[in-house]
Amino acid sequence: MGELIQISTGDLTAAINPLGAELTSLRDAQDRELMTDADPAFWTGHAPILFPIVGRLNGDVLRLDGRTYPMQQHGFARRQRFEVVARDDASVRFRLAANDATRACYPFDFVLEVTFTLRQATLAIDVTIANRGTAPMPASIGFHPAFAWPLPYGEPRAGHRIVFGADEPGAIVELQDGLFAASRRPSPLDARTLHLTDALFADDALIWDPVESSSVTYGADAGPRLRVDFPDTPYLGIWTKPGAAFVCIEPWHGHADPAGFAGDFRDKPGVFDIAPDGTWRCGIAVSLLR
């Protein structure tokens, strides 16, 4: 795993891997782990940064300006080593700049910075994407944190739930080989509450497109809970593998291709453009509520 970069306050301690600028551990003041155990029987990820795509592309190919480029699911940032460019006791900023490997699948001169900042019992994760090129740069960005299920406060796994901050009246996305199908699935919510069960994830992730909420809370009725705030992202995925000891709460600005989509990446739903010499920012925050 390599050396992790640790930041801390009296309430939370976070450890981040420079490979992918990936949040790997989030512990409370009593050193209890709030994130996934990364059991290789299920999934070894922790909280990858998804860039420059979210989800899968049709055929795992990025089509751009008449050319095609290979692109794996969720993009390449999670497999790239970031540079630490600023650090103190409670914050750290990572940077990834375009290189030969990234240009082979994404022909843009970008700079991606991810900043982690602890303020009391809240971890803020802020992303800045800069376009250093001379043409508009299409991109997507997503967050993929995996939290412990159950949380380490003695409540049973079956008692955990996710409560949305606003009404979510619409149906959710149906996936077809990892792509967005034309059909939709009935919402699994009970009013604003998702009662977590393994059966929910038998057919992959639950995806709200769009999501009306800008925050959710996760945990059991008793004991501390987590709140995830995502004011900048219009889509939300929730995912695990049945039987795993984690649940991912994934705010996205972008999503997988619609099934059969063969158009230009610039025209793909969920993609945004960054002007030459322009920047684009978004962020999420994870708070421990007692």
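Couple of notes before you dig in:
- Only one of 246, 265, 272 that is buried (at least 21 other Cβ atoms within 10 Å of the Cβ), under 19 Å from the mean Cα position of the chain (by Cα) and not polar (S, T, N, Q): 246
- Residues of region 18-32 that turn out to be in a strand (DSSP E or B) and either under 19 Å from the mean Cα position of the chain (by Cα) or of a type in the set (Lys, Arg) (or both), as a count: 7
- The selection criterion, being hydroxyl-bearing (Ser, Thr, Tyr), within 24 Å of residue 63 (Cβ to Cβ) and either in contact (Cβ under 8 Å) with a residue 40 or more places away in the chain or touching a helix residue (DSSP H, G or I) at 6+ places or on another chain (Cβ under 8 Å) (or both), does not hold for residue 128.
- Condition check for residue 63: outside any strand (DSSP E or B), charged (D, E, K, R) and over 24 Å from residue 148 (Cβ atoms): no
- Where a residue in region 197-217 is closer than 27 Å to residue 271 by Cβ and its partner, wherever it lies, is of a type in the set (Lys, Arg), with Cβ under 7 Å and at least six apart: 201/241; 215/227
- Single residue of region 73-99 satisfying the filter (of a type in the set (D, E, K, R) and not in a helix (DSSP H, G or I)) that is nearest to residue 279 (Cα to Cα): 95
- Residue in region 254-262 that is modelled with pLDDT under 95, of a type outside the set (Ser, Thr, Tyr) and surrounded by fewer than 16 Cβ atoms within 10 Å (Cβ to Cβ) present: no
- Which listed residue, of 211, 216, is assigned to a strand (DSSP E or B), in contact with a Phe, Trp or Tyr (Cβ under 7 Å, 6 or more places away or on another chain), crowded, with 20+ Cβ neighbours inside 10 Å and of a type in the set (Val, Ile, Thr): 216
- Candidate set from region 164-206 (those that are β-branched (Val, Ile, Thr) and surrounded by 15 or more Cβ atoms within 10 Å (Cβ to Cβ)); member that is farthest from residue 226 (Cα to Cα): 173
- Within region 71-99, tally of residues that are of a type in the set (D, E, K, R), crowded, with 17+ Cβ neighbours inside 10 Å and in contact (Cβ under 8 Å) with a residue 40 or more places away in the chain: 1
- Once region 11-37 is narrowed to residues that are more than 13 Å from residue 117 (Cα to Cα) and free of Cβ contacts under 8 Å to residues at least 24 places away in the same chain, the residue that is surrounded by the fewest Cβ atoms within 10 Å (Cβ to Cβ) is 30.
- Meets criteria (among the small types (Gly, Ala, Ser) and part of a loop (DSSP other than H, G, I, E, B)) for residue 45: yes
- Selected residue (only one of 236, 288 is among the aliphatic types (A, V, I, L, M) and free of Cβ contacts under 8 Å to residues at least 40 places away in the same chain): 236
- Filter result (small (Gly, Ala, Ser) and buried (at least 16 other Cβ atoms within 10 Å of the Cβ)) within region 45-65: 45, 47, 55
- Exclusive hit being outside any loop (DSSP other than H, G, I, E, B), touching a helix residue (DSSP H, G or I) at 6+ places or on another chain (Cβ under 9 Å) and buried (at least 17 other Cβ atoms within 10 Å of the Cβ), set 115, 102, 68: 102
Results for (1) in a strand (DSSP E or B); (2) surrounded by fewer than 19 Cβ atoms within 10 Å (Cβ to Cβ); (3) within 18 Å of the chain's Cα centre (by Cα), shown as yes or no for each residue.
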{"residue": "111", "(1), (2), (3)": "yes, yes, no"}
{"residue": "129", "(1), (2), (3)": "yes, no, yes"}
{"residue": "135", "(1), (2), (3)": "no, yes, no"}
{"residue": "147", "(1), (2), (3)": "yes, no, yes"}
{"residue": "162", "(1), (2), (3)": "yes, no, yes"}
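The values are calculated or read from the model by the stated rules, or taken from the named source; none is laboratory data. Predicted model only: the values in this text are computed from it and were never measured. Counting neighbours? That spans all protein chains shown, and the Cβs are built from the backbone with ideal geometry, glycine included.
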